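Note sheet for the following structure.
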Amino acid sequence: MAGKLRLVVVTPEGKTFDSDVEQVVMPGVEGQLGILPGHVPLLTAIQPGELDLKAGSRGDELAVGGGFAEVTGDRVTILTDMAVKPEDIDEHAVEKALQSAQQALLEKKAGPEAEALMAMIQRSTVQLNLKRKRRTQI
Amino acid sequence: MASTRDIRRRIRSVKNTAQITKAMQMVAASKMRKAQQAALAGRPYAESMNRVLSSLANRVGSISHPFLEKREIRRPCALVISTDKGLCGALNTNLLREVGLLPQETVFVTAGKKGKQFVARMGRELLADFEVKDDSSSYKIKQISQFLIDQYLEGKIDSVSIFHTRFLNTLVQKPERNDLLPIGKLEKLEAGTGKHEEQSIQADENLQYIYEPSGDEVLSALLPAYIHFQVYQLVLDAKASEHSARMVAMKSATDNAKGMIKDLTLEYNKVRQSGITTELLEIATAQMAMA
């Protein structure tokens, strides 16, 4: 396989990931997208989900929130509001946050607050799924 | 000449003041570090977003989106991001001086009490006031930008400019005006703080992009995200400025108080010594008179 991909994941809180990889699979709004080096330029919206990447023999995952991904020949830039490594996920804290968000959502049915809660729930769910998946693999 | 007791009393009161300003300086310093980190952390995101947006604009060509269309400006709106509290030097004064120069028909949205009070004092029209705390989440700040977007789309306001204090470094903060809506030329974007880099854009200008779901849809998702992020970043910047300015103001207040204590102590010793001298003189004179 020729060349490498430079994957950069940035959130408003800073750069979460910046390194060379061989393959990225990201959660596009219209389904999973696999990106290899030399991919045609692509700009897409992404939804909360798991970002799989392969560098050498090592695979790695990130839980990402909604945002955008820009692919140019050898570079993938992901702009998202959340990016967490599985080892940084605190399962209990996330579970708690998820529950309280669901509780709060029951009281508020619509409006911007409900929207923010929905986003919160989505993000937490993604984090939990990733963490649990990771545990069953080990 | 003041008596020693008066001077002692003054020294004590200045010392108390110095203690308070010192404590405030410490608090501001720790808040400043956090706020500066947060403001700086957003810059890579700002740069990437600029790059994506401007490269998108280069290729999509003539796109129509309400955010990009210029209309006749009848009701301009200014978002003033000020501080809640004073004691931060000339920060608000500098910012509000520029705000005061705006044309009479301008309507205001404020974040921070100082700006709100200013608008009320000037008798201008206040559309909304938002409270922004130090630990405000991005969701809270998003309410501000969402409000502005809604008002803009409904046609209640025709343009949005943001007045805030740009954080340059701990000692220098500059009041600044940023035009948020309409976005105008996409090529000239400057999100948050990072100026966009010419080279990186030109390098991939010839590439043909695929858009998913479609160019228009990506753009119409990207533009509001850009607005939200821009406001978020500027609020963080203003926070960093506020705490830096307060830290510096409190430091100079502490220094001034210390200088004053020194002067007063000197004065106190002078008075005390001259008192002793007079007393000695009196004793000596009395002795001489007795002899």
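The values are calculated or read from the model by the stated rules, or taken from the named source; none is laboratory data. These numbers were taken from a predicted model, which means no experiment stands behind them. Neighbour counts are summed over all protein chains in view; Cβ atoms, including those assigned to glycine, are modelled from backbone coordinates with ideal geometry. The protein model used for the area step is the full one, side chains on, heavy atoms only, and it has no ligands, DNA or RNA in it. Shrake-Rupley method; radii C 1.70, N 1.55, O 1.52, S 1.80 Å.
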Open item on the list: I need every pair where a residue in region B:263-288 that is closer than 14 Å to residue B:3 by Cα has its Cβ under 7 Å from the Cβ of a residue that is open to solvent by 70 Å² or more (accessible area, probe 1.4 Å), sequence separation at least 6 or different chains.
Closed with: B:264/B:10; B:268/B:8; B:271/B:1
Task: Failed criterion for residue B:264 (all others in (1) over 27 Å from residue B:33 (Cβ atoms); (2) open to solvent by 30 Å² or more (accessible area, probe 1.4 Å) hold) - done: (2)
Open item on the list: Considering only region B:57-79, I want to know if a residue exists there that is closer than 26 Å to residue B:248 by Cβ, more than 14 Å from chain A (Cβ to nearest Cβ) and not acidic (Asp, Glu).
Closed with: yes
- [ ] Take residue B:215 and decide whether it is touching a helix residue (DSSP H, G or I) at 6+ places or on another chain (Cβ under 7 Å), assigned by TED's automatic domain parsing to the domain that holds residue B:50, over 19 Å from residue B:132 (Cα atoms) and at pLDDT below 60.
- [x] no
Open item on the list: Looking at region A:77-107 only, could you name the residues that are open to solvent by 80 Å² or more (accessible area, probe 1.4 Å) and of a type in the set (D, E, K, R)?
Closed with: A:87, A:88, A:90, A:96, A:107
Task: region B:1-14 residues that are among the polar types (S, T, N, Q), paired with ones that are surrounded by 12 or more Cβ atoms within 10 Å (Cβ to Cβ) (beta carbon under 8 Å, 6 or more apart) - done: B:3/B:271; B:4/B:268; B:4/B:271; B:4/B:272; B:4/B:275
- [ ] Run down B:40, B:53, B:68 and say which single residue is within 30 Å of residue A:71 (Cα to Cα), surrounded by 18 or more Cβ atoms within 10 Å (Cβ to Cβ) and at pLDDT below 90.
- [x] B:53
Open item on the list: Here's a check for you: in region B:9-37, which residue that is loosely packed, with under 15 Cβ neighbours inside 10 Å and hydroxyl-bearing (Ser, Thr, Tyr) is nearest to the chain's Cα centre (by Cα)?
Closed with: B:30
Open item on the list: Just to check your reading of the model, which residue among A:44, A:16 is touching a residue at least 60 places away in the same chain (Cβ under 8 Å), open to solvent by less than 50 Å² (accessible area, probe 1.4 Å) and not in a loop (DSSP other than H, G, I, E, B)?
Closed with: A:16
Open item on the list: Step by step: first the residues of region A:65-80, then only those that are under 16 Å from the mean Cα position of the chain (by Cα) and part of a loop (DSSP other than H, G, I, E, B), then the one that is farthest from the other protein chains (Cβ to nearest Cβ). Which residue is that?
Closed with: A:65
TODO: Inspect region A:98-106 for any residue being modelled with pLDDT of 80 or more and under 16 Å from residue B:137 (Cα atoms) and give the result as yes or no.
DONE: yes
